[in-house]
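This report refers to the structure that appears directly beneath it.
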Amino acid sequence: MSQTVPPVLDDISDTIRTNFVGFASFTLLVWDHVITFSDEVEYIWKGKKGPIIYLFIFNRYFTPLGFIINLYAYLSPSWTVERCARFIRYEGCTVAIAVEVVGAMMLLRINALYPRQKWITALLGVLLVVETGINAWLISRGEPVLHNKASGVHACSMIFDPAISHAASASAWYPLLYDSIVFALTVNRTLPSIRKKQAGFIVKRLLEDGVLYYSVIFAITFVLTFMIVAAPPGTKNICAQMEQL
């Protein structure tokens, strides 16, 4: 089923909601950068460098810088249908790259927790490659949100082809499946030693961070899964902004 031109009021209200969620999410991200910058300097810039550190640095700065352009796309009156149709590939790729980089960081964490069970890392690696392939295919089926000319809205944002909404929900539930496996593996490795009071600071922190990260990502992607399938085109991917950031 292809998109239909939305009523004027729905078009305006959906655009306002998208903008509010985008700017609110970006504000929280900037706030997080500010309050953790001293820790970043101490432990990242002055610390020992390695693959996970480089991935962290890339994701920490690529995501906000890339998202600024998305915010411009929400507000600029200069978009035409043709320009927007080209731009949405960029928007989709920034989300996918952010998700896959975090997935790679989780993969390295599991590899460190299970150094003698390489098959676990290999299995997660296969799942991550499949996830990347799914996202690439879905982005190729992306299209601009259709606006009503009478509403005066010129925002540019991407949704997946409504004809494949059920398949497109994999962009949310598949990463959630991957994160659920990572979370279960983390709990399995850290919780027994914590219960026995044999865990050090790092092990406890791994579990605490894992619970916090998984709680947030579960809430966002669980809702996003159903919104991609059932929400109006103007708000289908509204939670994807929070998933990216």
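Dividing the Cα convex hull volume of the range 180-243 by residue count, how many Å³ per residue is that? Once divided by residue count, the hull of the range 180-243 is 70 Å³. Which shape class, rounded, prolate or oblate, goes with the range 42-95 when its Cα gyration tensor gives a ≥ b ≥ c as root eigenvalues, a/c under 1.5 marks rounded, and past that a/b bigger than b/c marks prolate? Judged from the Cα gyration tensor, the range 42-95 comes out prolate (a/c at least 1.5, a/b above b/c). Centre-to-centre, using Cα atoms only, the range 38-109 and the range 135-166 are separated by 21 Å.
Judged by the ratio a/c of the largest to the smallest principal axis of the C-alpha gyration tensor, the chain counts as prolate, that ratio being 1.5 or greater while a/b is larger than b/c. About its Cα centre, the chain has a charge dipole of approximately 1040 debye under the convention of +1 per Lys or Arg Cβ and -1 per Asp or Glu Cβ, with nothing else charged. Counting every other Cβ atom within 10 Å of each residue's Cβ, His154, His166, His147, His33 order from fewest to most as His166, His33, His154, His147. To the nearest ten degrees, helix 81-113 and the longest principal axis of the Cα atoms of the chain are 10 degrees apart. Cross-link partners of Lys196 among lysines, defined as those whose alpha carbon lies under 17 angstrom from its own and excluding same-chain residues fewer than eight positions apart: Lys204.
For the chain, the longest principal axis of the C-alpha atoms and the axis of helix 118-140 are separated by about 10°. Of all segments of the chain bounded by trypsin sites (Lys or Arg not before Pro) found in a DSSP loop with no more than 16 other C-beta atoms within 10 Å, the longest spans 50-115. For helix 170-195, report the angle its Cα long axis makes with the longest principal axis of the Cα atoms of the chain; keep it between 0 and 90° and round to the nearest 10°. The helix 170-195 is inclined about 20 degrees to the chain. Shape verdict for the range 104-245, please, from the Cα gyration tensor: rounded (a/c under 1.5), prolate (a/b greater than b/c) or oblate. Prolate. Helical content alone sets the calculated 222 nm signal of the chain at -25500 deg cm²/dmol, taking -39,500 (n - 2.57) per DSSP H segment of four or more residues and averaging over every residue.
Where a number appears in this text, it was derived from the coordinates with a stated rule and is not lab data. For clarity, every value in this text was computed on a predicted model and none was experimentally measured. Because the Cβ atoms are built from the backbone with ideal geometry, glycine has one as well, and the counts that use them run over all protein chains shown.
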